[in-house]
Amino acid sequence: MSPAATGVSILVVQGPEATAQRATVLAEMSGAAAPEPLGEARDPRAWRLRGATRRDGVAAWCDAHRLDHAWVPEGRHFDSLKLLAIDMDSTLITIECIDEIGGFNDKKDEIAAITAQAMRGEIDYPASLRKRVGLLAGLGEDVLQDVYDEKLRLSPGAEQLVAHCKRHGVKLLLVSGGFTFFTERLKQRLGLDETIANVLEIDDGKLSGRVLGTIVDADAKAAKFKQMAQRLGATREQIVAIGDGANDLKMMAAAGTSIAYRATPIVRAKATHVLNHAGLDGVINLFD
């Protein structure tokens, strides 16, 4: 999935702590050419180091200095992509919507604990969702709008990544084990191409505690991603998937480039690249 452990490639380093001085240190450590600043900021926080060699100590040094680093191949261009899929909760947005809904009947902590287990892959996702949704029974449907208005925020760099995709003709798919109430509003707000999510049942203006239809789990996310890629005539190398939890792994495994964003350990271990510190616009810097 990543460049060979030996040989020369490009090292991309980024994040709030990615100063010119630290990029220069990494260039010396990896035998790379002088760092090239990325982006348009007067004080850049992303750098490309060409001709770098993977050497012991680089990863540990970056981790110690709160830097995201990625070994990327030469000639991988963003404008060659056709599809980018991104998870919603804790990825495109900063919250877990179901946890925040639970805050309206004092069940947030209980629901959040189950969510965390599901994201780590410790429990069955459909069963975990049914249990969490069951804890919401009786809440008025107006709490969904309250969460959207008061709690939901886009992750740093989200709008820049979306705009870059549109500029280069890359289709955008929003996938979620959460709810259509939120995905459809984000689709309209950001101009996304397609979405997939679960439908909450509303009974007489209140949440019934049930989900309608088949639950969107890891298999459903991956199937939607593959179907859309096929419709677009996209090769594996032309599709990207971004996620944070265990239910994103099957979708990410189908992508030529997979990115773990603020992700659980199991997802970080299996992704092509990891972004722990940079925003979502850091995805752009992983391509020429």
Inset, instruction - Give the residues of region 254-268 that are assigned to a helix (DSSP H, G or I) and either touching a residue at least 24 places away in the same chain (Cβ under 8 Å) or under 18 Å from residue 223 (Cα atoms) (or both), sorted by residue number. - result: 265, 266, 267
Inset, instruction - Can you tell me which residue among 32, 52, 27 is over 21 Å from residue 280 (Cβ atoms), in contact with a Pro (Cβ under 6 Å, 6 or more places away or on another chain) and surrounded by 15 or more Cβ atoms within 10 Å (Cβ to Cβ)? - result: 27
Inset, instruction - Give the residue, chosen from 228, 251, that is surrounded by 23 or more Cβ atoms within 10 Å (Cβ to Cβ) and touching a residue at least 40 places away in the same chain (Cβ under 8 Å). - result: 251
Inset, instruction - Could you tell me whether any residue of region 78-91 is over 24 Å from residue 236 (Cβ atoms) and touching a residue at least 12 places away in the same chain (Cβ under 8 Å)? - result: yes
Inset, instruction - Taking the residues in region 185-211 that are over 18 Å from residue 281 (Cα atoms) and either at pLDDT below 95 or among the small types (Gly, Ala, Ser) (or both) as candidates, determine which candidate is surrounded by the most Cβ atoms within 10 Å (Cβ to Cβ). - result: 197
Inset, instruction - Taking only region 92-107 into account, find how many residues are crowded, with 19+ Cβ neighbours inside 10 Å and assigned to a helix (DSSP H, G or I). - result: 7
Inset, instruction - Return yes when residue 43 is assigned to a helix (DSSP H, G or I), acidic (Asp, Glu) and assigned by TED's automatic domain parsing to the domain that holds residue 13 and no when it is not. - result: no
Inset, instruction - Filter region 254-273 for residues that are among the β-branched types (Val, Ile, Thr) and either surrounded by fewer than 18 Cβ atoms within 10 Å (Cβ to Cβ) or touching a Ser or Thr at 6+ places or on another chain (Cβ under 6 Å) (or both) and give the result. - result: 257, 266, 272
Inset, instruction - Spot the failing condition for residue 254; the list is (1) among the aliphatic types (A, V, I, L, M); (2) in contact with a strand residue (DSSP E or B) (Cβ under 9 Å, 6 or more places away or on another chain); (3) closer than 24 Å to residue 99 by Cα, and only one is missed. - result: (3)
Inset, instruction - Scan region 66-78 residue by residue and report those that are at pLDDT 95 or above, farther than 17 Å from residue 35 by Cα and not basic (Lys, Arg). - result: 77, 78
Legend entry - Failed item, numbered, when residue 57 is tested on (1) in contact (Cβ under 8 Å) with a residue 40 or more places away in the chain; (2) surrounded by fewer than 19 Cβ atoms within 10 Å (Cβ to Cβ); (3) among the small types (Gly, Ala, Ser): (1)
Inset, instruction - Being polar (S, T, N, Q) and in a loop (DSSP other than H, G, I, E, B) is the filter; apply it to region 201-238 and report the residue that is farthest from the chain's Cα centre (by Cα). - result: 214
Inset, instruction - Could you tell me whether any residue of region 125-148 is touching an Asp or Glu at 6+ places or on another chain (Cβ under 7 Å), touching a residue at least 12 places away in the same chain (Cβ under 8 Å), assigned to a strand (DSSP E or B) and not small (Gly, Ala, Ser)? - result: no
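To keep it simple, each residue is scored yes or no on (1) at positive phi; (2) assigned by TED's automatic domain parsing to the domain that holds residue 162.
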residue	(1), (2)
20	no, no
30	no, no
36	no, no
39	yes, no
69	no, no
82	no, yes
Legend entry - Residue selected from region 146-184 under the condition more than 23 Å from residue 229 (Cα to Cα) and basic (Lys, Arg), by the criterion surrounded by the most Cβ atoms within 10 Å (Cβ to Cβ): 151
Inset, instruction - Restrict the check to region 69-91 and report whether at least one residue is crowded, with 17+ Cβ neighbours inside 10 Å, in contact with a strand residue (DSSP E or B) (Cβ under 9 Å, 6 or more places away or on another chain) and in a loop (DSSP other than H, G, I, E, B). - result: yes
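The values are calculated or read from the model by the stated rules, or taken from the named source; none is laboratory data. Quick caveat: nothing in here was measured; it's all calculated off a predicted structure. Please note: Cβ atoms are built from the backbone with ideal geometry, for glycine as well, and neighbour counts cover all protein chains shown.
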